[in-house]
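Visitor: Mind having a look at this structure? Questions to follow.
The numbers here are math on the coordinates, done by the rules we state, and not lab data. Here the structure is a predicted model, which means the values were calculated and not measured. Cβ placement follows ideal geometry from the backbone for every residue including glycine, while neighbour counts extend to all protein chains displayed.
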Amino acid sequence: MMTHGGRVIEWQRKSGRTYLDFSANLNPWGPPREVKERWGELFYYATVYPPLDCSFYREELAKIYNLSSSFILPTNGATTGIYLLARQLPGETVLILEPCFSEYARSFSRAGKKIERVFFPVSSNSLPPADIVVWGNPTNPWGVSPPSFLLDYLWEMSLKKGTILVVDEAFQEFIEEKTSWVSRLGENPRLYIIRSLTKYFTLPGLRGGFIAAHPSSCSFLEEYLEPWSINSLLARVLEIIAQGDLASFRATTQENLRREKRFIEENLKGEIGELFPSEVNFYTIRLRQGKELFSSFLEERGILVRSLSDFFGLDDSYFRIAVRTREENQQLIEAVRDYARELG
């Protein structure tokens, strides 16, 4: 069974209970207001086939992300884009800067490629040779990006030796695109950026995402997309988002996120273990003790968190928590404090 956060439907069916889900890194202030207000009109789009022409998605994504449409290949969520790259990119060896979203190793391995891993921070001198290098920007679950000296080295390797770079930017919106590599796409056809609509716009059920790449790379990959691979609802929702007040939505998200991150850091740091610094909408915690009972204790309180024991280089003392609304964050903090008291 694949291990991921956000499996609240499965947990609710299993137990018959309602849960507060801190295991999925979603924006608690989304989706944008315009989508919520117009949701009732969207049923029609569940009754018709999705567009076969990718431009229905590509043109709206270009407006949302201020990016030329020729640099965008829409996909059925970021994960579909990951598996498409795994199948179609040339090369035999893939180096993953860990910890990283687990579907990269799984997809490239299934495509017959050899997987190498390094746990960062790491020096450029210790990197094994590879045809493809993958990392998160920021990474999941640390919530930070690899050091700039390492990324500069990988960029030079790509330009000079042809190394393919796959960069996961699923959380860039939460840091206002400050470290995004999108501006470099025109310089390097061997750069592929995975983007997701799931996290920031809170649309995991619609499976929206895209690959940002050089136009020649997008044209090549589009030939391998299955017909009707992206749903009709997403086509209309993207249109609504593109026409909406994104400046207001972004400002509200950033203001709330800064406030709630301060609240979590002030109240959880040192409470039961180490709270690692994060630039985005989640944190990793390493427990000092009681790791065997932590998840089950919180589940009894109706709270789900993400165990990180399946991430390369981490063990069952590591957990990830999302940043949510004040009321929800308060519930988590109270439950963690109760747990700390039980441990004595």
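Visitor: Which GluC sites (Glu not before Pro) in region 64-148 pass both tests, a DSSP loop state and at most 11 other beta-carbon atoms within 10 Å? Walk me through the numbers on the way to the answer.
Guide: On the way: sites: Glu92, Glu103, Glu116; in loops: Glu92.
Answer by residue number: Glu92.
Visitor: Related question: Exactly which chymotrypsin sites (Phe, Trp or Tyr not before Pro) in region 139-208 are in a DSSP loop and have at most 15 other Cβ atoms within 10 Å? Each step should come with its number before you reach the end.
Guide: Values: sites: Trp142, Phe149, Tyr153, Trp155, Phe171, Phe174, Trp181, Tyr192, Tyr200, Phe201; in loops: Trp142, Phe171, Trp181.
Sparse-neighbourhood loop chymotrypsin sites (Phe, Trp or Tyr not before Pro): none present.
Visitor: Related question: Each residue of region 115-124 in order: what ³J(HN,Hα) in whole Hz does its phi give by Karplus 6.51 cos²θ - 1.76 cosθ + 1.60, θ = phi - 60°, with x for Gly and Pro?
Guide: Taking θ as phi minus 60°, the curve returns 9, 10, 9, 10, 9, 8, x, 8, 7, 5 Hz for region 115-124.
Visitor: Across region 245-284, how large is the tail of the calculated P(r) beyond 12 Å, expressed as a percent of all Cα pairs? Could you put the intermediate results ahead of the total?
Guide: Values: 484 of 780 pairs.
Within region 245-284, distances greater than 12 Å cover 62 percent of Cα pairs.
Visitor: Please state the Cα pair-distance histogram of region 33-243 with 5 angstrom bins from zero: what percent is in each bin?
Guide: Spelled out per bin, shortest first, that is 1, 7, 16, 20, 20, 16, 10, 6, 3, 1, 0, 0.
Visitor: Hey, another quick one. Which residue, chosen from Ile272, Asn66, Thr139, occupies the Cα position most advanced towards the positive end of the dipole of the chain, where the dipole is computed from +1 (Lys, Arg) and -1 (Asp, Glu) charges on Cβ about the Cα centre?
Guide: Projecting each Cα onto the dipole axis, the largest value belongs to Ile272.
Visitor: Going by a ≥ b ≥ c, the root eigenvalues of the Cα gyration tensor, does region 1-126 fall in the rounded group (a/c under 1.5), the prolate group (a/b larger than b/c) or the oblate group? Could the numbers behind the result be given before it?
Guide: On the way: a/c = 1.96, a/b = 1.30, b/c = 1.51.
Oblate, since a/c reaches 1.5 and b/c is not below a/b.
Visitor: Another question, then. Using a ≥ b ≥ c from the Cα gyration tensor of region 212-287 (square roots of the eigenvalues), is it rounded, prolate or oblate, where a/c under 1.5 gives rounded and otherwise the larger of a/b and b/c decides, a/b for prolate?
Guide: prolate
Visitor: Follow-up question, since we're still on this one. Tell me, what is a quarter of the convex hull surface for the C-alpha atoms of region 249-310, in nm² with one decimal?
Guide: Computing the convex hull of the Cα atoms and averaging its projections yields 5.3 nm².
Visitor: If you restrict to DSSP beta bridges whose two residues both lie in the chain, what percentage is antiparallel, to the nearest 5?
Guide: Working: 20 of 40 bridges.
Here the share of antiparallel DSSP bridges comes out near 50 percent.
Visitor: Continuing with this model, one more query. Write out the trypsin sites (Lys or Arg not before Pro) in region 1-42 meeting two conditions: DSSP loop, and at most 11 other Cβ atoms within 10 Å of their Cβ.
Guide: Values: sites: Arg7, Arg13, Lys14, Arg17, Arg33, Lys36, Arg38; in loops: Arg7, Arg17, Arg38.
Taking region 1-42 and a limit of 11 other Cβ atoms within 10 Å, the loop trypsin sites (Lys or Arg not before Pro) found are Arg17.
Visitor: Using helices alone, what [θ] at 222 nm do you get for the chain, with -39,500 (n - 2.57) per DSSP H run of 4 or more residues, divided over all residues and rounded to the nearest 500? Before the final figure, lay out each step's value.
Guide: Values: 12 runs with 130 residues, N = 344.
Result for the chain: -11500 deg cm²/dmol, rounded to the nearest 500.
Visitor: Sticking with this structure for a sec: Of the cross-linked pairs Lys63/Lys114; Lys36/Lys269; Lys14/Lys291; Lys63/Lys113; Lys114/Lys291, which ones have a Cα-Cα span greater than 28 Å in the structure shown? Working shown, then result.
Guide: Working: Lys63/Lys114 38 Å; Lys36/Lys269 35 Å; Lys14/Lys291 23 Å; Lys63/Lys113 36 Å; Lys114/Lys291 33 Å.
Pairs exceeding 28 Å: Lys63/Lys114; Lys36/Lys269; Lys63/Lys113; Lys114/Lys291.
Visitor: For the chain, what is the charge dipole size about the Cα centre, in debye to the nearest 20, if Lys and Arg each add +1 at the Cβ and Asp and Glu each add -1 at the Cβ?
Guide: Working: 40 positive and 44 negative charges, 52 e Å.
So the dipole magnitude of the chain works out to roughly 260 debye.
Visitor: Classify region 93-176: rounded, prolate or oblate, from the alpha-carbon gyration tensor (a ≥ b ≥ c, eigenvalue square roots; a/c under 1.5 rounded; otherwise prolate if a/b is larger than b/c)? Intermediate results must be reported in sequence, preceding the final value.
Guide: Values: a/c = 1.59, a/b = 1.13, b/c = 1.41.
Note, shape of region 93-176 comes out oblate.
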